[in-house]
1. For the structure I just gave you, tell me whether residue 82 is over 18 Å from residue 2 (Cβ atoms), more than 16 Å from the chain's Cα centre (by Cα), surrounded by fewer than 21 Cβ atoms within 10 Å (Cβ to Cβ) and among the basic types (Lys, Arg).
2. Within the set of pairs 6 or more residues apart or between chains, which connect a residue that is of a type in the set (Lys, Arg) inside segment 107-120 to a residue that is surrounded by 15 or more Cβ atoms within 10 Å (Cβ to Cβ) with Cβ atoms less than 8 Å apart?
3. For segment 1-36, enumerate the residues that are aliphatic (A, V, I, L, M) and either open to solvent by 20 Å² or more (accessible area, probe 1.4 Å) or more than 19 Å from residue 80 (Cβ to Cβ) (or both).
4. Checking residue 12 against (1) closer than 23 Å to residue 122 by Cα; (2) in a helix (DSSP H, G or I); (3) not hydroxyl-bearing (Ser, Thr, Tyr), which single condition isn't satisfied?
5. Which condition does residue 42 not pass, out of (1) in contact (Cβ under 8 Å) with a residue 40 or more places away in the chain; (2) surrounded by fewer than 17 Cβ atoms within 10 Å (Cβ to Cβ), if it passes all the others?
Amino acid sequence: NVQKYTKSQKVILVGHSKGGILIRMYIQMVGGKNITHAVTIASPNKGTPAAKNKLLSPNTTFIKTLNKTLFDVKYLCFAAEKDAFYKGIYNKNAFIDGAKNVRIPGTDHISVAQTEKTFKIMLEFIKE
């Protein structure tokens, strides 16, 4: 448990790809009460037609439920310019309505999580 280890009441969560979906599931389960910020990087927040797991396809009940409530958590979502997970194109499905959404030019599904620009934006966001 992160809170036990850090002795902190609140935490910041960062997830790449399906990790962002897991963060959002966790927030849905606990209501966001112990989370201040959530960062998703190249996550299929609104689903993706390339999903092998049909649960992550656009317009499924699962995806619609994830997008119903953001709770009292600040969200930052990053999208790659060209992402094979979204059939090789930039796709706004990585974004969440009501979040700070950023596309990182010149990146793909992996490199978007590794750029200096991504880290700088993330650090500034966490300071808010």
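The values are calculated or read from the model by the stated rules, or taken from the named source; none is laboratory data. It should be emphasised that the depicted structure is a prediction, and the values quoted were computed from it without experimental measurement. We place every Cβ from the backbone using ideal geometry, glycine too, and count neighbours over all the protein chains shown. Side chains are part of the model used for accessible areas, which takes the heavy atoms of the whole protein and leaves out ligands, DNA and RNA. Shrake-Rupley method; radii C 1.70, N 1.55, O 1.52, S 1.80 Å.
1. On the way: over 18 Å from residue 2 (Cβ atoms): yes; more than 16 Å from the chain's Cα centre (by Cα): yes; surrounded by fewer than 21 Cβ atoms within 10 Å (Cβ to Cβ): yes; among the basic types (Lys, Arg): yes.
So residue 82 fits the description; yes.
2. Correct list of pairs: 117/104.
3. Residues satisfying the conditions are 2, 11, 12, 13, 14, 22, 25, 27, 29, 30, 35.
4. (2)
5. (2)
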